[in-house]
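The values are calculated or read from the model by the stated rules, or taken from the named source; none is laboratory data. What you see is a predicted model; the values in this text were computed from it and never measured. Here Cβ is always computed from backbone atoms with ideal geometry, including for glycine, and neighbour counts include all displayed protein chains.
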């Protein structure tokens, strides 16, 4: 997983995670940090294996690690973080050695990780699902205030 390690050690990636941390320093809900990104990557890879998808592990991990790197832009500039994350991922993916076809899959998954559509490509769907089910909601002390649960209980996730 050489290319994944290049992402993890990329100065821009580290900077974006630090910007997320700064923007979320007073956030009472889940954070968009490395722990979340790795949880999403692991769940995504498990789902891909369970569904017998032929997506490279390094592509799955890249999409998951990069899917929230633009969250700080949403807080500070009101920019949709899914689009911002895909844009910010471009240079990191290039520097990490991903080819155009892989980058296109990753950009699509990042841009669509907030909206489920049965017609989306497989990586888009597993990233969407993983982003939801990787959250430790059962341990949350402020779950009754979380927007995921304000409209009547558990969010619907199609499997």
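Taking the range 24-59 as the range and being in a loop (DSSP other than H, G, I, E, B) and in contact (Cβ under 8 Å) with a residue 60 or more places away in the chain as the test, the residues that pass are 28, 29, 30, 51, 53, 55. Residue count for the range 112-127 under the criterion of being crowded, with 21+ Cβ neighbours inside 10 Å, part of a helix (DSSP H, G or I) and in contact (Cβ under 8 Å) with a residue 24 or more places away in the chain: the result is 3.
Note on the range 6-31: residues that are under 23 Å from residue 95 (Cα atoms), exposed (fewer than 13 other Cβ atoms within 10 Å of the Cβ) and modelled with pLDDT under 95 total 0.
Residues considered: 84, 109. Of these, the only one that is touching a helix residue (DSSP H, G or I) at 6+ places or on another chain (Cβ under 8 Å), within 21 Å of residue 132 (Cα to Cα), in contact (Cβ under 8 Å) with a residue 24 or more places away in the chain and surrounded by 12 or more Cβ atoms within 10 Å (Cβ to Cβ) is 109. Considering (1) within 13 Å of the chain's Cα centre (by Cα); (2) at pLDDT 95 or above, the lone condition that residue 48 does not fulfil carries the number (1).
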